[in-house]
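**Student:** This is the structure I want to talk about, given as structure tokens.
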Amino acid sequence: MLDKNGIAKRIAKEVKDGMFVNLGIGIPTLVANYIPEGVNVVLQSENGILGMGPFPFEGEEDADLINAGKQTITLLKGSSIFDSAMSFGMIRSQKVNLTILGAMEVSENGDIANWKIPGKMVKGMGGAMDLVASAKNIIVAMQQVNKAGQSKFLPKCELPLTGVRCVKKVVTELGVYEISPQGGFKLLERAPGISVEQIKNATAGKLIVEGDVPEMQI
Amino acid sequence: MINRVVKNVEEALKDIKDGNTLMVGGFGLCGIPENCIAELVKKGVKNLTCISNNAGVDDFGLGLLLQTKQIKKMISSYVGENDEFERQMLSGELEVELVPQGTLATRCMASGYGMPVIFTPAGVGTEVAIGKETRKFTFNGEEKEYLMEKAFEADFAIVKAWKGDTAGNLIYNSTARNFNPLMAMAGRITIAEVEELVPAGELDPDHIHTPGIYVHRIFQGQKYEKRIEQRTVRKK
């Protein structure tokens with residue numbers, strides 16, 4: 001079973017040279033640590049940055065320079081700063097090539113829920129609804145099974161939706177999946193040591209398994 | 001040159017009244033108009049509607065106006081990290097309208113551009129779309145459903161810039177730009193507080209982010225705290 005870093009490491013393989021990438025809060029942020037040498041990407045932060053760099057050294061934090069998670073960060077050479085409307089402009093117009101974000105639930109037709117648990121948690125959607133509605137290429141990083149042992153791969157999301165029919169790929173602690181255009185979680189790779197049987201038990205929605213599914217290489 | 005300078009924060013906010021709608025710039029605690037928020041607390045104006053991406057933290061930013069229960073309604077995209085906010089929202093004391101962040105930004109921008117509505121794909125098929133008109137458009141080679149969202153109108157926009165001149169021209173610093181230039185364009189009256197106020201002519205016209213036409217009042221801000229919400233560092 002993969003831990004958070006394992007999921008991030010596997011997703012990093014989806015990041016290709018020349019891409020502009022938006023990373024959400026949580027596991028997606030960790031992806032930046034595993035992008036291979038020689039793969040040049042530009043990280044976008046929706047509060048208005050292209051070319052986001054690592055955290056600053058102690059003592060060099062700048063209150064005016066934060067990312068969308070409100071963390072102090074640095075800028076890389078060639079970076080640019082812009083306002084929030086332009087930031088979502090480049091997301092909406094699909095100049096940003098890849099969006100990686102977390103989810104609480106995903107449905108077999110690619111719906112995603114990640115912003116609200118009615119009566120319990122209402123923090124708001126931030127930029128998630130804009131990102132999922134516009135991005136051509138969306139990868140979701142999530143836990144397939146919650147702490148109570150219930151699957152979060154559902155026939156239909158139970159929580160309020162963030163977006164409909166938008167998720168293309170999902171990486172979890174158990175495997176890599178593609179959302180089939182006809183509906184269903186198509187298993188592409190198994191996490192090391194995980195069997196198809198275990199994956200079946202962790203999938204409440206329609207699971208598609210074709211032939212021998214390889215174990216992932218990370 | 002038309003002089004936009006007012007003496008101080010008291011004069012800048014003199015006619016803000018109970019029940020007004022205010023746009024407040026900033027992202028998290030970054031680029032927030034600290035002086036104006038402190039003055040609003042002092043003035044004690046109530047029943048405010050605030051359009052702001054976030055609601056501050058418990059003891060800073062718009063959180064200060066929540067503590068004193070001066071805000072009736074918040075229109076925001078993300079309101080985590082604020083216990084008092086959550087308490088007031090769940091108890092029904094505070095009205096909250098959550099808006100996707102890009103929609104929020106663009107509804108401010110549209111206002112400053114004189115466009116009454118925008119169409120965006122964000123929120124289609126979610127509870128954000130309830131009661132709103134949708135239309136199908138083919139754009140970028142793809143037919144998709146778009147949601148019609150109205151431009152925001154506000155009695156006052158309150159923004160913070162790094163430098164400003166006496167003509168009201170503004171320049172922001174780094175990511176403290178965020179929503180500030182968009183809201184600056186959208187207020188019926190726009191009030192700007194700046195870290196450094198200089199005479200007209202000292203800022204390069206090519207470097208202006210917000211032209212002074214949008215800024216009705218500008219003043220030299222005092223004692224910026226610039227609090228950091230998530231101090232993250234690495235070791236040397």
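The values are calculated or read from the model by the stated rules, or taken from the named source; none is laboratory data. Owing to the predicted nature of the structure, the values given are computational and were not obtained by experimental measurement. Counting neighbours? That spans all protein chains shown, and the Cβs are built from the backbone with ideal geometry, glycine included.
**Student:** Of all residues in the stretch A:38-79, how many are without any contact (Cβ under 8 Å) to a residue 40 or more places away in the chain and assigned to a loop (DSSP other than H, G, I, E, B)?
**Tutor:** The total comes to 21.
**Student:** Can I ask one more? Quick check, is B:Val215 modelled with pLDDT of 95 or more and over 30 Å from A:Thr162 (Cβ atoms)? Let's see the steps before the verdict.
**Tutor:** Details: modelled with pLDDT of 95 or more: yes; over 30 Å from A:Thr162 (Cβ atoms): yes.
Spelling it out, B:Val215 is indeed modelled with pLDDT of 95 or more and over 30 Å from A:Thr162 (Cβ atoms).
**Student:** Okay, moving on. If I ask for residues that are farther than 22 Å from A:Trp115 by Cβ, facing chain A (nearest Cβ under 10 Å) and aromatic (Phe, Trp, Tyr), which ones from the stretch B:116-151 would you list?
**Tutor:** B:Phe139
**Student:** Right, here's the next one. Out of curiosity, is B:Thr190 in a strand (DSSP E or B) and more than 30 Å from B:Glu10 (Cβ to Cβ)? Don't jump to the end; show me each part of the working.
**Tutor:** Working: in a strand (DSSP E or B): yes; more than 30 Å from B:Glu10 (Cβ to Cβ): no.
Against the criterion (in a strand (DSSP E or B) and more than 30 Å from B:Glu10 (Cβ to Cβ)), B:Thr190 does not qualify.
**Student:** To continue, here is another question. Scanning for something surrounded by fewer than 23 Cβ atoms within 10 Å (Cβ to Cβ) and away from chain A (no Cβ under 13 Å), does the stretch B:96-103 turn up at least one residue?
**Tutor:** No, because not a single residue in the stretch B:96-103 is surrounded by fewer than 23 Cβ atoms within 10 Å (Cβ to Cβ) and away from chain A (no Cβ under 13 Å).
**Student:** Right, something else. In the stretch B:186-196, is there at least one residue being modelled with pLDDT of 95 or more, touching an Asp or Glu at 6+ places or on another chain (Cβ under 7 Å) and within 20 Å of A:Asp64 (Cα to Cα)?
**Tutor:** Taking every residue of the stretch B:186-196 in turn, none turns out to be modelled with pLDDT of 95 or more, touching an Asp or Glu at 6+ places or on another chain (Cβ under 7 Å) and within 20 Å of A:Asp64 (Cα to Cα).
**Student:** From the set of residues in the stretch A:110-133 that are closer than 22 Å to A:Glu14 by Cα, out of contact with any Phe, Trp or Tyr (no Cβ under 8 Å at 6 or more places or on another chain) and among the small types (Gly, Ala, Ser), which is nearest to the other protein chains (Cβ to nearest Cβ)?
**Tutor:** Filtering first and then ranking leaves A:Ala133.
**Student:** Here is a further query. What's the total number of residues in the stretch B:216-236 that are in a strand (DSSP E or B), of a type in the set (Lys, Arg) and crowded, with 16+ Cβ neighbours inside 10 Å? Explain how you work it out, then say what you get.
**Tutor:** Taking the stretch B:216-236 and keeping what is in a strand (DSSP E or B), we get B:217-220, B:230, B:234.
Among the residues that remain, those that are also of a type in the set (Lys, Arg) are: B:217, B:234.
The next check asks that each one be crowded, with 16+ Cβ neighbours inside 10 Å; those that pass are B:217.
Of the residues in the stretch B:216-236, 1 are in a strand (DSSP E or B), of a type in the set (Lys, Arg) and crowded, with 16+ Cβ neighbours inside 10 Å.
**Student:** If a residue must be surrounded by 23 or more Cβ atoms within 10 Å (Cβ to Cβ), away from chain A (no Cβ under 14 Å) and small (Gly, Ala, Ser), how many such residues does the stretch B:1-60 contain?
**Tutor:** Residues in the stretch B:1-60 being surrounded by 23 or more Cβ atoms within 10 Å (Cβ to Cβ), away from chain A (no Cβ under 14 Å) and small (Gly, Ala, Ser): 1 in total.
**Student:** In this structure, does A:Val164 turn out to be over 15 Å from the mean Cα position of the chain (by Cα), at pLDDT 95 or above and over 23 Å from A:Gln198 (Cβ atoms)? Outline the logic, then answer.
**Tutor:** Details: over 15 Å from the mean Cα position of the chain (by Cα): yes; at pLDDT 95 or above: yes; over 23 Å from A:Gln198 (Cβ atoms): yes.
For A:Val164, the condition - over 15 Å from the mean Cα position of the chain (by Cα), at pLDDT 95 or above and over 23 Å from A:Gln198 (Cβ atoms) - is met.
**Student:** Quick check on this structure: which one of B:Ala192, B:Ala161, B:Ala184 is among the small types (Gly, Ala, Ser), surrounded by 15 or more Cβ atoms within 10 Å (Cβ to Cβ) and out of contact with any Phe, Trp or Tyr (no Cβ under 6 Å at 6 or more places or on another chain)? Break it down into steps so the answer makes sense when it comes.
**Tutor:** Numbers: B:Ala161 fails: out of contact with any Phe, Trp or Tyr (no Cβ under 6 Å at 6 or more places or on another chain); B:Ala184 fails: out of contact with any Phe, Trp or Tyr (no Cβ under 6 Å at 6 or more places or on another chain).
None of the others qualify; the one that does is B:Ala192.
**Student:** From A:Gly51, A:Gly38, grab the single residue that is within 14 Å of chain B (Cβ to nearest Cβ), out of contact with any Cys (no Cβ under 7 Å at 6 or more places or on another chain) and surrounded by fewer than 23 Cβ atoms within 10 Å (Cβ to Cβ). Break it down stepwise before answering.
**Tutor:** On the way: A:Gly38 fails: within 14 Å of chain B (Cβ to nearest Cβ).
On inspection, the qualifying residue turns out to be A:Gly51.
**Student:** A further question follows. With respect to B:Gly131, determine if the residue is over 19 Å from the mean Cα position of the chain (by Cα), more than 18 Å from A:Ser134 (Cβ to Cβ) and exposed (fewer than 14 other Cβ atoms within 10 Å of the Cβ).
**Tutor:** Values: over 19 Å from the mean Cα position of the chain (by Cα): yes; more than 18 Å from A:Ser134 (Cβ to Cβ): yes; exposed (fewer than 14 other Cβ atoms within 10 Å of the Cβ): yes.
For B:Gly131, the condition - over 19 Å from the mean Cα position of the chain (by Cα), more than 18 Å from A:Ser134 (Cβ to Cβ) and exposed (fewer than 14 other Cβ atoms within 10 Å of the Cβ) - is met.
**Student:** A:Pro181 fails exactly one of the following numbered conditions: (1) within 12 Å of another protein chain (Cβ to nearest Cβ); (2) farther than 29 Å from B:Phe85 by Cα. What is the number of that condition?
**Tutor:** With (1) within 12 Å of another protein chain (Cβ to nearest Cβ); (2) farther than 29 Å from B:Phe85 by Cα applied to A:Pro181, the lone miss is (1).
**Student:** Would you check if there is a residue in the stretch B:168-176 being in contact with a strand residue (DSSP E or B) (Cβ under 9 Å, 6 or more places away or on another chain), among the small types (Gly, Ala, Ser), more than 26 Å from B:Gly63 (Cβ to Cβ) and in contact (Cβ under 8 Å) with a residue 60 or more places away in the chain? Give the derivation first.
**Tutor:** Taking the stretch B:168-176 as the starting set, the residues that turn out to be in contact with a strand residue (DSSP E or B) (Cβ under 9 Å, 6 or more places away or on another chain) are B:168-176.
From what is left, the residues that are among the small types (Gly, Ala, Ser) are B:168, B:174, B:176.
Next, only the ones that are more than 26 Å from B:Gly63 (Cβ to Cβ) stay: B:168.
From what's left, in contact (Cβ under 8 Å) with a residue 60 or more places away in the chain: B:168.
Within the stretch B:168-176 (the criterion being in contact with a strand residue (DSSP E or B) (Cβ under 9 Å, 6 or more places away or on another chain), among the small types (Gly, Ala, Ser), more than 26 Å from B:Gly63 (Cβ to Cβ) and in contact (Cβ under 8 Å) with a residue 60 or more places away in the chain), the answer is yes, since at least one residue qualifies.
**Student:** Could you check B:Ile213 against (1) touching a His at 6+ places or on another chain (Cβ under 7 Å); (2) assigned to a helix (DSSP H, G or I) and say which number it fails?
**Tutor:** (1)
**Student:** Just to be sure I understand, how many residues within the stretch A:13-34 are surrounded by fewer than 20 Cβ atoms within 10 Å (Cβ to Cβ) and either in contact with a Ser or Thr (Cβ under 6 Å, 6 or more places away or on another chain) or over 30 Å from B:Asn180 (Cβ atoms) (or both)?
**Tutor:** Selection size over the stretch A:13-34: 8.
**Student:** Starting from the stretch A:11-37, take each residue that is within 14 Å of A:Gly51 (Cα to Cα) and list its partners that are modelled with pLDDT of 95 or more and among the basic types (Lys, Arg), counting only C-beta distances under 8 angstrom and pairs at least six apart or across chains.
**Tutor:** Going by the 8 Å Cβ cut-off, the qualifying pairs are A:Phe20/A:Lys95.
**Student:** Taking the residues in the stretch A:66-104 that are away from chain B (no Cβ under 13 Å), surrounded by fewer than 24 Cβ atoms within 10 Å (Cβ to Cβ) and under 15 Å from the mean Cα position of the chain (by Cα) as candidates, determine which candidate is nearest to B:Phe27 (Cα to Cα).
**Tutor:** It comes out as A:Gly102.
**Student:** Looking only at the stretch A:20-42, which residues are aliphatic (A, V, I, L, M) and under 14 Å from A:Asn97 (Cα atoms)?
**Tutor:** As a first pass, look at the stretch A:20-42 and keep what is aliphatic (A, V, I, L, M): A:21, A:23, A:25, A:27, A:30-32, A:35, A:39, A:41-42.
Correct list: A:Val21, A:Leu23, A:Val41, A:Val42.
**Student:** Please go through the stretch B:149-166 and pick out each residue that is touching a Pro at 6+ places or on another chain (Cβ under 9 Å) and either part of a loop (DSSP other than H, G, I, E, B) or of a type in the set (Phe, Trp, Tyr) (or both).
**Tutor:** Those that are touching a Pro at 6+ places or on another chain (Cβ under 9 Å) and either part of a loop (DSSP other than H, G, I, E, B) or of a type in the set (Phe, Trp, Tyr) (or both): B:Ala151, B:Thr166.
**Student:** Going by the conditions given, is A:Ile7 in contact with a Pro (Cβ under 8 Å, 6 or more places away or on another chain), closer than 19 Å to A:Val170 by Cα, more than 14 Å from every other protein chain (Cβ to nearest Cβ) and in a helix (DSSP H, G or I)? Break it down into steps so the answer makes sense when it comes.
**Tutor:** On the way: in contact with a Pro (Cβ under 8 Å, 6 or more places away or on another chain): no; closer than 19 Å to A:Val170 by Cα: yes; more than 14 Å from every other protein chain (Cβ to nearest Cβ): yes; in a helix (DSSP H, G or I): yes.
No.
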